[in-house]
1. What single numbered condition from (1) modelled with pLDDT under 50; (2) polar (S, T, N, Q); (3) in contact with a Lys or Arg (Cβ under 9 Å, 6 or more places away or on another chain) fails to hold for SER25?
2. Yes or no: VAL165 in the same structural domain as ARG141 (by TED's automatic domain parsing), out of contact with any Ser or Thr (no Cβ under 9 Å at 6 or more places or on another chain) and either at pLDDT 85 or above or under 24 Å from ARG141 (Cβ atoms) (or both)?
3. Quick test of your reading of the structure: GLU293 fulfils all but one of (1) in a helix (DSSP H, G or I); (2) of a type in the set (D, E, K, R); (3) at pLDDT 80 or above. Name the failing condition by number.
4. Among the residues of the stretch 184-197, which ones are among the charged types (D, E, K, R) and modelled with pLDDT under 85?
5. Residue check: is GLU186 farther than 18 Å from VAL16 by Cβ and more than 15 Å from the chain's Cα centre (by Cα)?
6. Can you report the number of residues in the stretch 148-162 which are modelled with pLDDT under 90 and touching a Ser or Thr at 6+ places or on another chain (Cβ under 7 Å)?
7. Go through (1) modelled with pLDDT of 75 or more; (2) in a helix (DSSP H, G or I); (3) polar (S, T, N, Q) for ASN180 and report which single condition fails.
8. Would it be correct to say that LEU52 is modelled with pLDDT of 80 or more, surrounded by fewer than 21 Cβ atoms within 10 Å (Cβ to Cβ), farther than 23 Å from ASN193 by Cα and of a type outside the set (Lys, Arg)?
Amino acid sequence: MSIPDVSVLARIRSYVSYPRSAIMSALALAAAGFEYVGNGNSVTVRCVECGLSMDIVKWMSEDDVQKLHRLSSPSCGFIDNQKKFNKVTKNCAAALSDEGASGESSGNGARATLSAVPRERQARFRYRSNMARMRTFETKRDIFPIDVKKMALCGLYATGEGDSVRCFMCGGGLKNWRRNDDPWIEHIRSYPNCKYVKDQIDKEFYNIVKHLSECFPWLKQITKPMVKQCMERMKAHTKEIRTMMEENDRLGRKLRCRLCGVFLLGIEAVTFQPCGHFVVCSSCGRDIKSCVECGKKIESHITSYLC
């Protein structure tokens, strides 16, 4: 019988909801051909080869999983020889270490091989489940401008330092979130080699985001001087526009009656003599004795029209 390596990681991943209080090593169980089929509270496992289902609640951490499997199902092809079992065990350990998948799936059952995994990675194991990651956001929802449920689905958990988050698998950190940020995109852009992201995201979407992220520094170098040039032009035009608006405002004030405010264009108005100021409408100018603009005595009024 040939056991595909991909099944090793698949079995490990089945232990995402494996109880933390469970005594038996999840890694040892996965290496022996068992996948977790419990509901998060029970400790029921099943052999992927022979279908043997077992409740391991009474097992002890020092129990030999391979031996118990053989005794319970002597004809199971998965454990037909010691050499094959040892190969699978090595594959499990490699998958656990390389992918950081032990944090996702093995729970405290990974004690058998944790000594070979960096201490920092061990600390992330507790956040292997989506529920565990969600709990880290419970008291910090107001800090994040985006949906924390989506962040948890992305494999991210809150570190407790501002809006800083970290991936339970690759260990990559992200912070300074903005309202329109997409956690999946930021995760891919910053940590494209994270295998959790690769497994969860559509391949085409992943490749598009990765490609754009690689091109972004180049685009930034090109667009930065262009943006600066545009800003300088906008400033120059803004000054011109402001000058024109101020001039129009002054002209507008001159074309209105200084007393009642009516617009003088096209209506009957008066020009004072001898000063020559054209500043009031005919209705307001009839009884004025001195110019409202310069204060000189008015000797006569000339009816005028501004067209």
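The values are calculated or read from the model by the stated rules, or taken from the named source; none is laboratory data. Being a predicted model, the structure only gives us computed values, none of them experimental. Every residue, glycine among them, receives a Cβ derived from its backbone with ideal geometry; neighbour counts consider all protein chains shown.
1. (1)
2. So VAL165 does not fit the description; no.
3. Every condition holds for GLU293 apart from (1).
4. Result: ARG189, single match.
5. no
6. Qualifying residue count, the stretch 148-162: 0.
7. Every condition holds for ASN180 apart from (2).
8. yes
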